[in-house]
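S.K.: Please find one structure pasted underneath; my questions will follow.
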Ligand SMILES: Nc1ncnc2c1ncn2[C@@H]1O[C@H](COP(=O)(O)OP(=O)(O)O)[C@@H](O)[C@H]1O
Ligand SMILES: [Mg+2]
């Protein structure tokens with residue numbers, strides 16, 4: 001028995017369900033919308049394409065759906081090239097940001113629409129629509145028209161309609177984009193639960209990094225048509241591959257410096273305000289210019305000089321210029337000697353902090369040698 005080769009970027013050793021193979025889309029007139037993108041997606045994944053507006057997310061999704069033909073490259077489903085298939089021939093369903101519900105049809109008829117068009121038997125349609133309404137918890141709203149529903153309910157009708165034909169793959173373009181922030185946060189987990197219950201593989205597009213982190217099994221971070229990094233939310237957050245990704249995902253302090261020591265088990269990077277002792281070797285050579293990224297929550301702040309690492313690394317003195325209280329945590333802006341500002345977030349675990357640091361105070365920031373990410377790109 002021969003074994004299949006293990007595909008790249010796959011989260012496990014399962015073969016890829018959907019393969020995006022070196023896809024390019026050039027509309028002409030300057031920038032390339034999708035620039036040599038390769039991604040493997042496993043069955044059952046919720047995969048997010050994340051990036052700011054105009055980076056090519058929708059174009060890539062439309063290529064998967066068959067609404068757009070790639071300039072070059074292939075899309076394979078279970079190893080078969082689906083490039084020649086029209087949108088309706090692909091076992092995919094795309095849910096648009098606008099939902100595109102039929103305003104004159106009831107919820108029930110909106111969900112049944114595609115099934116009727118496919119010539120499904122009446123009894124089977126009734127059963128399928130009933131189970132879809134249950135799935136999205138809208139049984140009681142079957143007779144309403146879209147305008148008699150809230151934004152969140154309309155979103156669920158669109159989802160039920162997309163899932164009614166039992167597609168093998170669900171394509172979601174900014175699925176929660178039309179909802180306000182609070183409703184969006186509630187709906188994120190609801191949507192994940194429904195997708196997981198049905199077991200459908202899903203590719204979603206979003207510009208909202210928190211949404212991608214909350215919902216996706218893996219994320220592809222995109223910029224200017226290219227994929228910069230692919231990984232699980234935790235991996236992309238904790239080990240960003242480039243300065244762009246570090247800065248795009250969450251909050252980060254980025255310091256520029258030069259590698260001074262590079263040993264297998266540690267490295268020292270000298271920056272303007274401090275020296276970083278990193279608990280592992282970095283691939284760069286001594287003297288190389290690198291960025292050092294430290295997340296605000298990995299830094300501690302205190303009034304007195306801390307020990308640092310080996311006495312003088314991983315600590316810096318500054319002046320508190322800003323302080324934002326968020327209830328469960330406080331964010332401090334510490335201005336350093338060079339004028340650079342370090343963001344530090346501290347959890348407010350105790351109700352009353354003994355020695356409260358405030359505006360204008362001199363304070364010390366310090367961080368452990370496991371907290372930094374050294375970036376060469
Ligand atoms: N049909 C089209 N013709 C020409 N340019 C397009 C077309 N669709 C998208 N683009 C361009 O491709 C780039 C990527 O767009 P899009 O995929 O919509 O980005 P996103 O969904 O990430 O905001 C943009 O610069 C956009 O102007
Ligand atoms: Mg878009």
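S.K.: If a residue counts only when it is under 30 Å from residue 50 (Cβ atoms), which strands (runs of 3 or more DSSP E) contained entirely in the stretch 234-328 have at least 2 such residues? First the steps, then the outcome.
M.R.: Details: elements: 253-262, 267-271, 275-278, 289-294, 300-302, 315-325.
Passing ranges, in order: 253-262, 267-271, 275-278, 289-294, 315-325.
S.K.: Kindly indicate whether any position in the stretch 160-172 is surrounded by fewer than 16 Cβ atoms within 10 Å (Cβ to Cβ), assigned to a helix (DSSP H, G or I), at pLDDT 90 or above and in contact with a helix residue (DSSP H, G or I) (Cβ under 9 Å, 6 or more places away or on another chain).
M.R.: no
S.K.: Still on this structure: Show me the strands (runs of 3 or more DSSP E) entirely contained within the stretch 17-98 in which 1 or more residues are within 12 Å of ligand 1 (Cβ to nearest atom).
M.R.: On the way: elements: 18-25, 34-41, 46-50, 72-77, 92-95.
Where strands (runs of 3 or more DSSP E) fall fully within the stretch 17-98 and carry at least 1 residues being within 12 Å of ligand 1 (Cβ to nearest atom), they are 18-25, 34-41, 46-50.
S.K.: If only one of 95, 120 is within 30 Å of residue 250 (Cβ to Cβ), assigned by TED's automatic domain parsing to the domain that holds residue 23 and surrounded by 15 or more Cβ atoms within 10 Å (Cβ to Cβ), which one is it?
M.R.: Numbers: 120 fails: within 30 Å of residue 250 (Cβ to Cβ).
Only one candidate qualifies: 95.
S.K.: Does residue 46 count as farther than 22 Å from residue 236 by Cβ, away from ligand 2 (no atom under 16 Å from the Cβ), in the same structural domain as residue 117 (by TED's automatic domain parsing) and in contact with a helix residue (DSSP H, G or I) (Cβ under 9 Å, 6 or more places away or on another chain)? Quick ask: steps written out before the conclusion?
M.R.: Numbers: farther than 22 Å from residue 236 by Cβ: no; away from ligand 2 (no atom under 16 Å from the Cβ): yes; in the same structural domain as residue 117 (by TED's automatic domain parsing): yes; in contact with a helix residue (DSSP H, G or I) (Cβ under 9 Å, 6 or more places away or on another chain): yes.
No: the conditions fail for residue 46.
S.K.: Got a number for residues in the stretch 21-41 being touching a strand residue (DSSP E or B) at 6+ places or on another chain (Cβ under 9 Å) and without any contact (Cβ under 8 Å) to a residue 40 or more places away in the chain? Full working, then the answer.
M.R.: Residues of the stretch 21-41 that are touching a strand residue (DSSP E or B) at 6+ places or on another chain (Cβ under 9 Å), as a first pass: 21-26, 32-41.
After this cut, where a residue has to be without any contact (Cβ under 8 Å) to a residue 40 or more places away in the chain as well, the list is 40.
The total comes to 1.
S.K.: Kindly evaluate residue 88 against the criterion of being at pLDDT below 95, closer than 30 Å to residue 36 by Cα and loosely packed, with under 12 Cβ neighbours inside 10 Å. Explain how you work it out, then say what you get.
M.R.: Values: at pLDDT below 95: yes; closer than 30 Å to residue 36 by Cα: yes; loosely packed, with under 12 Cβ neighbours inside 10 Å: yes.
Criteria met by residue 88.
S.K.: Checking residue 187 against (1) outside any helix (DSSP H, G or I); (2) closer than 28 Å to residue 48 by Cα: exactly one of these is not met. Which one?
M.R.: (1)
Residues are listed down the side, and each one gets a yes or a no for (1) touching a residue at least 40 places away in the same chain (Cβ under 8 Å); (2) out of contact with any helix residue (DSSP H, G or I) (no Cβ under 8 Å at 6 or more places or on another chain); (3) away from ligand 1 (no atom under 16 Å from the Cβ):
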| site | (1), (2), (3) |
| --- | --- |
| 201 | yes, yes, yes |
| 217 | yes, yes, yes |
| 221 | yes, no, no |
| 235 | no, yes, yes |
| 241 | yes, yes, yes |
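S.K.: Can you tell me which condition residue 107 does not meet? The list is (1) under 30 Å from residue 250 (Cα atoms); (2) away from ligand 1 (no atom under 15 Å from the Cβ); (3) modelled with pLDDT of 95 or more, and all the others hold.
M.R.: Looking at each condition in turn, residue 107 falls short on (1).
S.K.: Another one. How many of the residues making up the stretch 281-291 are surrounded by fewer than 20 Cβ atoms within 10 Å (Cβ to Cβ), touching a strand residue (DSSP E or B) at 6+ places or on another chain (Cβ under 6 Å) and touching a residue at least 40 places away in the same chain (Cβ under 8 Å)?
M.R.: Looking only at that region, the number is 2.
The values are calculated or read from the model by the stated rules, or taken from the named source; none is laboratory data. None of these values were measured; they are calculated from a predicted model. Backbone-built Cβ (ideal geometry, glycine too); neighbour counts: all protein chains shown.
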